[in-house]
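Data first, discussion second: the structure below is written as C-alpha cells.
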C-alpha cells in the first residue's frame, strides 16, 4: 500500500517518490470515513481527481432519535467501497467512485438496530433503522455432546458479519443482526481444533442458511459430523 500526503486545503499528492506502478490501481481516501476509487494510470501520467460523487446522510433510530456512532458501509458487486460512522447528530459522509446503484448497510451495535437497502448514489440519504434480529443456539459434536469455546461465525457473501464463542452447554447468541440472508457456521480453524480434542481426523459442519426479519429471534442447532 502506498500513502499520499496532504499538501493544502484538502488537496493531496501521491508522486513518483511513492513508486507508483502504471496500470490498474485503487485509491482509498480517508476522512471521517473512507471511499475507494478505481483508476487506470499510464506511465508519466498526471491525474487530478475531485470528490464530486460524495454523498451525505443521516441515520435515525426507530423512534426518530439520532443513531450515534452507527456504522455505515456501501457495497457494489459484493465489495465494500466506502465506510463511515455517524456523528452525535446521526450524520455521516461517504464518497463513491461513480454514480450508480449501491447496497447501503447501517448498523448500531449498541442499540441492536440496523438496515440494509439499495439506493441510487450520489443522493441525500435518510436512513431509519429497524430492530435487529437475534440468533441463539447450541454447537454440538457428532455424538450430540455440546462443544464449548467454539467460534461461531455469521457470514454474508463470504464476508464475516458477526461472530461469537459458544459457552456452557455449547450455547451462543448473536444479537443486533441486520435483517437479511446469511450463512451460519463455525470458524474452520476452531473446527479443526475441536476435531483434535475429540481425537478425530476432521469434523465437518455445513453452513446453515438463514433469512432473518426485523426483530426476529430464532434458535438453531449447529451439529458437527
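Values for this structure:
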read-out: Cβ-derived FRET efficiency at R0 22 Å, residue 126 paired with residue 80, nearest 0.05; value: 0.55
read-out: Label-point separation in nm, residue 116 to residue 98, each point 7 Å along Cα→Cβ; value: 2.5 nm
read-out: Rounded Å value of the spacing that divides the Cα centres of the stretch 163-225 and the stretch 59-110; value: 27 Å
read-out: The stretch 130-225: projected area of the alpha-carbon convex hull, averaged over directions, in nm²; value: 5.6 nm²
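Read-outs: derived from the displayed coordinates by stated rules, not from any lab. Here the structure is a predicted model, which is why all the values come from computation and not from measurement. Neighbour counts are summed over all protein chains in view; Cβ atoms, including those assigned to glycine, are modelled from backbone coordinates with ideal geometry.
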